[in-house]
Every structure is written in C-alpha cells, then in structure tokens.
Amino acid sequence: ESIDLRFKAAQQTVKAIKGLYEASGSIERHEFKRFVSTVAGESKGVQALEWIPRVTLAEREKFEAAARRDGFPDFKFWQKNDQGRMGPSPSKPEYFPVYFVEPFAGNEAAFGFDLGSNPARLKALRSARLSGEVRLTERITLVQETAKQFGVLMVQPVYERGAAVKTVQDRRASLRGFVLGVFRMSDLAASVADKASDHAGKLRTFVFDQSAPAGSRRLYPRFSPYEARAEISDDNCRDQAMAIGGRKWLIAVCANPDAETYQTSWLSWLTLASGLLTTLLIVGYVELIIRQRRRSESMMAEIRDS
C-alpha cells in the first residue's frame with residue numbers, strides 16, 4: 001500500500017465528514033464520534049480526525065461552556081506562548097480550536113488548541129478557506145507528539161449550508177469551520193516503507209516536501225542525514241512524485257548500500273516495489289471509494305431520518 005493511496009483514503013474520509021456537516025445544521029459531539037467511527041476504518045496512518053469550528057470572539061464563551069457541559073470541565077481555547085508554554089488564548093476576532101477529536105485517547109493534548117495561533121497551521125487554514133479545496137500544511141510538530149516525529153495536517157473547509165461559495169469573498173464570509181486529518185509521518189510512511197517496500201533492509205524510503213523552502217523539505221525519516229532529494233545519488237533511487245493538497249511531495253525509494261545484495265539486485269527490488277505500489281494504488285483506491293461511499297451514504301441517511 002503506497003503513501004499516495006493512504007492520503008487519498010484519508011481525503012475521502014475527510015470529505016465524507018464534510019458531507020455530514022453539509023447535510024445537517026448542527027452536529028453534536030456524540031454524532032461526530034459515531035460518524036467518524038463509521039467512515040474512518042479505511043484511513044490507515046491517520047493519527048486523528050477533528051472538527052475545527054470558526055468561532056468569533058462573541059461566540060467563544062458559548063463554545064467553551066458547551067464543551068464543559070459535554071463532560072470536559074476544564075475546557076478552554078488555548079495556545080502556546082513564545083517559550084512553548086500553554087495558556088488561554090487572548091481576545092481576538094476569531095478562533096479555530098480543536099473542538100471534536102477522534103479518537104480522543106492519545107490526542108487529549110490537542111483538545112482546545114487554537115490552530116489560528118500557529119503560523120504554519122494558519123497559513124494552511126487560510127489557503128483552504130479561500131480556495132475551497134483540501135490543503136496540506138508544511139511539516140509541523142503535532143501538539144500531541146511524543147516521539148519527535150514530523151506531522152502534517154490535511155485541511156478541508158466547510159461552509160454554511162446553502163451559502164454561495166463561487167468567489168473568494170463568498171468563501172471568506174461563509175466559512176463554518178474545517179475538517180482535519182492529522183498525520184504523523186512515522187505512522188504514515190514507516191509502515192509503508194518497512195513492510196511494503198523495504199524488503200528485508202534492501203531498500204530505504206525517503207519523503208520530501210518539494211513545496212517547502214530549502215532547509216525544511218525533509219519529512220521522513222525525521223533524523224535522516226538528507227534534507228533534500230538532491231543530496232541523494234540518482235544512481236540508486238526511483239522517485240515517485242505526489243501532488244495533493246496544494247503541495248508537491250517526492251517519495252524516493254533507494255537501494256541500501258549496506259545490504260548484502262546491493263551490488264547485484266537493487267534494481268530488481270526497485271522495479272518490483274514500483275510495480276506493486278502502482279497496482280495497489282489503482283485497485284485499492286477503487287475498492288476504497290466504493291466502500292467509503294456506501295458507509296457515508298448509509299450513515300447520512302440515518303441522520304436525516306432521525
């Protein structure tokens with residue numbers, strides 16, 4: 001299973017959750033949890049799925065009080081200061097807090113975090129809001145990260161029901177919030193690299209964000225000596241370009257010079273890995289779309305009936 005396929009699976013899940021909000025005027029916390037548990041089964045490698053409402057200063061108290069009534073007595077919008085310490089978000093025109101998050105276990109640290117307080121996250125939110133399209137962030141450190149791995153967010157804008165969204169001005173004015181897919185690169189890439197393509201240590205996988213500025217392109221492995229694809233010799237790698245969410249990634253599958261069979265069989269392994277990834281991408285993606293569409297249609301029908 002390729003990284004590209006996993007991202008496409010996650011994108012379908014995020015769009016299914018967007019459909020939930022488009023079909024209903026109000027979604028409760030338990031409804032979000034139930035729907036996510038129904039549609040998220042195929043989204044391997046996703047750390048969390050989240051609902052990020054747009055909250056004005058006048059609405060802040062209402063949102064914080066509602067979360068406390070849901071069983072979170074200490075809930076508040078918060079952000080990190082320049083020293084990396086968390087504290088209450090100051091007064092400002094609008095907030096983008098992590099309001100619903102599934103699964104909650106393992107992601108508690110992100111609950112209530114105002115994404116608008118972080119430049120990298122806010123940049124992706126603004127791009128998604130104005131374009132109406134899915135956007136990925138550049139590499140970030142997740143609030144809930146404990147293993148010093150890079151993370152990325154997949155951002156899907158959601159607008160008010162029935163609102164016109166043909167122009168940038170329309171989309172800016174009618175934003176309701178965002179659905180987020182949260183990824184840890186170690187979860188997303190390591191399982192694919194180690195189990196699907198590395199073939200007993202004969203191959204290594206590297207992931208680079210070609211859209212990022214120089215010095216910030218390495219996504220995986222976190223502690224790789226290579227910051228950019230150009231630093232790896234072209235003689236022992238096969239590249240796979242990946243464009244999603246407004247960003248261009250490059251996945252390099254490279255022969256491991258330390259492997260015993262490096263001198264004789266690396267090209268065969270690379271060819272086999274490339275063929276397997278392409279086949280899985282085509283067949284798996286079609287099957288995935290069919291399964292997720294059936295699940296989301298069934299769930300939304302239940303919600304409309306209720």
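What are the residues in segment 66-86 that are within 11 Å of Val143 (Cα to Cα) and either in contact (Cβ under 8 Å) with a residue 24 or more places away in the chain or open to solvent by 80 Å² or more (accessible area, probe 1.4 Å) (or both), if any? Even if it seems obvious, please write down each step before you answer.
Within segment 66-86, the first condition is being within 11 Å of Val143 (Cα to Cα), and the residues that meet it are 79-80, 84, 86.
Within segment 66-86, Gln79, Lys80, Met86 qualify.
Contact annotation: residue pairs with Cβ atoms under 8 Å, 6 or more positions apart or on different chains, pairing a residue in segment 116-131 that is in contact (Cβ under 8 Å) with a residue 40 or more places away in the chain and buried (at least 19 other Cβ atoms within 10 Å of the Cβ) with a partner that is assigned to a helix (DSSP H, G or I) and of a type in the set (Lys, Arg), are Arg129/Arg171; Arg129/Arg172.
Restricting Gly181, Gly201 to residues that are at pLDDT 90 or above and either under 27 Å from Gly45 (Cα atoms) or within 18 Å of the chain's Cα centre (by Cα) (or both) narrows the list to Gly181.
Given the options Ser89, Ser26, Ser37, name the one that is farther than 30 Å from Leu250 by Cα and open to solvent by less than 50 Å² (accessible area, probe 1.4 Å).
It is Ser89.
Can you find, within segment 233-258, the residue that is most open to solvent (accessible area, probe 1.4 Å) among those that are at pLDDT 90 or above and in a loop (DSSP other than H, G, I, E, B)? Looking at residues that are at pLDDT 90 or above and in a loop (DSSP other than H, G, I, E, B), I get Gly246.
Out of Tyr95, Tyr21, one residue alone is open to solvent by less than 10 Å² (accessible area, probe 1.4 Å) and in contact with a Gly (Cβ under 7 Å, 6 or more places away or on another chain). It is Tyr95.
The values are calculated or read from the model by the stated rules, or taken from the named source; none is laboratory data. Because the structure is predicted, anything quoted here is derived from the model rather than measured. Quick reminder, even Gly has a Cβ in these numbers, built from the backbone with ideal geometry, and neighbours come from all protein chains shown. Keep in mind that these areas ignore ligands, DNA and RNA; they rest on the heavy atoms of the full protein, side chains included. Shrake-Rupley method; radii C 1.70, N 1.55, O 1.52, S 1.80 Å.
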